[in-house]
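Undergrad: Got a structure here, written out as structure tokens. Questions coming.
The values are calculated or read from the model by the stated rules, or taken from the named source; none is laboratory data. Note that this is a predicted model, so its numbers are computed, not measured. Note that we place each Cβ from the backbone using ideal geometry, even for glycine, and neighbour counts take in every protein chain shown. Heavy atoms of the whole protein, side chains included, go into the accessibility calculation; ligands, DNA and RNA do not. Shrake-Rupley method; radii C 1.70, N 1.55, O 1.52, S 1.80 Å.
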Amino acid sequence: MEKEKMPVFNRFYLLFSLLFSGLVPLITYELPVATLPAVIENTQTLSTVILSGPLTPNDPVSSSAVTDTLPLTTYLWGLYGVITLAFLLRFTKNLYSFWQLIRTHPVVKKGEMNLVLIPQNNTPYSFGKYVFVNRQAFENDEIEAEILQHEQAHIRQRHTLDVIFIEIFLAFCWWNPAVWLYRRAIRLNHEFLADDWVIKTHRNPPAYQYLLLHKISQHSGVTLASSFNYLLTKKRFKMMNKFTSMKRAYLLQTTALCVFSALVFIFSDISFAQTAPSVTPKSAPEAESGKDGVSQAMVEEYEKIVEKYLTRGGKDGKEIYRLDRPSEPDRVRLEVIFRAMSKEQQLKQNWAMNPPLSPLPRITPTEKEFEDYKNATIYGVWIDEKKVPNTALNKYKASDFSQVFLSKLYKNAQATIGFKYKFQLDLMTNDYYEKYRDERLADKRYWLGSNREKFRHENQKK
């Protein structure tokens, strides 16, 4: 749409699309599981269950699965923070330079504009409600009316707000090449708007274009400013003589809005209700395993679904399994089949649909234990599933916690995540534990994991 003469719409299109791209992933739609089985399967959660490691309090997921990539992630976030800080410092320095010019040079009021008279022999440029012009040229009345009209357009249309917005956005999203293209497009569209304002006022495009060519060698050199000859290219000359019909403009604008509407659905976060009418398990009495169990075809179907989420590997001569969390339709189907199996069929499966997990018991640490937890060389502390420094415990007392979960951190895990402590300590505050307990009791779903009943049965035989 850059080639079409509708700069007012393009201005809001560019600004809105940046906001849209940042906000649309935060939009959540809840859809019934039964209505879109294909979509659900493709958007399954990729959380993994490491069956050989210690379990965390809230989910059968190993802490090693979560922390393996911590060092690389930490370094990347550190690099991102340094570069972002550099962009913010540059932005602050540019703002300060404007303030310095305004504070140290005379300011003359001329209509809606405040002219800052500076010694530099630059073409005029504007920022906020100020236009920075060469003092000698102003005193000798050598500044063309079209130039001041151009800068007045930037001020009236508040283009500085757009520039500040895109510069701040760029400071945090510098890694995205599209943002740099947006920055260029926004600045160029500002020139289209200002040029259009001048031409409508003076109605002499050839004379205005000649003036642009005459001033081409001068440039303000200020990044944040709206400069008279910023990005002086043939695009601006073409746009001055361009005409876009109302019909074509409305068609393009309607198309853009339709595309935005489609992208809301494509890039928003689609969540699915845990109830699935078309594949809901039978009632508990009907779904319980029976004498005869299920057919061989259903057993094979069960094993085939499990195989989709099973990854095998090996390390140091040991066989390791990783079991991904199944999509909701597959989980429901596995529960239906497994609970309908006979005891003999269930005991033959290495991977079972286990009953809902009971909440962890209420445990309050003793005062001595609580003081020991402050030792950072022995304990790494998580409070309500958030990593905190051990000194954070100074804000609490032992009675503030209702759950304590301690797991040993082995040497290979210590080397992987860069932590030196020996134990991972997960604490739940009283309110958090009550919420966790209520959620765990309300969750009646079976979950896929190792067949604990088979393991106990085989050990009894031994």
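Undergrad: Give me the accessible area per residue for segment 113-180, probe 1.4 Å, as a whole number in Å².
TA: Working: 2980 Å² over 68 residues.
Per residue, segment 113-180 has an accessible area of 44 Å².
Undergrad: Order 306-313, 350-357 from most to least packed using the mean count of other Cβ atoms within 10 Å.
TA: Values: 306-313: 12.9, 350-357: 17.4.
In descending order of packing, they fall as 350-357, 306-313.
Undergrad: Considering only protein heavy atoms and a probe of 1.4 Å, how much of the accessible area of segment 123-197 is carbon and sulfur, as a whole percent?
TA: Numbers: 1770 of 3100 Å².
Of the solvent-accessible surface of segment 123-197, carbon and sulfur hold 57 percent.
Undergrad: Students sometimes get this wrong: rank 173, 258 by accessible area, probe 1.4 Å, all chains present, largest first.
TA: Details: 173 30, 258 85 Å².
Per-residue accessible area, sorted high to low, gives 258, 173.
Undergrad: Continuing with this model, one more query. Could you compute the net charge surrounding residue 252? Neighbours are other residues with a C-beta less than 14 Å from the C-beta of residue 252; K and R count +1, D and E count -1. Please list the in-between numbers first.
TA: Values: positive: 3, 5, 242, 247, 248; negative: 2, 4.
So the environment of residue 252 carries a net charge of +3.
Undergrad: Here's another thing I want to ask about it. What part of the accessible area of segment 371-410, given as a whole %, is carbon or sulfur when the probe is 1.4 angstrom? Don't jump to the answer; show the numbers that get you there.
TA: Numbers: 1170 of 2240 Å².
Roughly 52 percent of what the probe reaches on segment 371-410 is carbon or sulfur.
Undergrad: Continuing with this model, one more query. Give me, ordered by chain and number, the residues 5 or more places off residue 244 or on other chains with an amide H under 5 Å from its own placed amide H.
TA: 5
Undergrad: Additional query: Using a cut-off of 11 Å between beta-carbons, work out the net charge of the residues near residue 162 (Lys and Arg +1, Asp and Glu -1, residue 162 not included). Mind dumping the intermediate values first?
TA: Values: positive: 11, 158, 183, 187; negative: 167.
Here the charged neighbours net out to +3.
Undergrad: Between the DSSP loop rule and a limit of at most 13 other Cβ atoms within 10 Å, which GluC sites (Glu not before Pro) in segment 64-146 are left?
TA: Details: sites: 112, 139, 142, 144, 146; in loops: 112, 142, 144.
Counting only loop positions with at most 13 other Cβ atoms within 10 Å, the GluC sites (Glu not before Pro) in segment 64-146 are 112, 142.
Undergrad: Still on this model: Run down the aspartates and glutamates and flag those whose C-alpha is under 19 Å from the C-alpha of residue 242, throwing out any fewer than 8 positions away in its chain.
TA: The qualifying aspartates and glutamates are 2, 4, 191, 195, 196.
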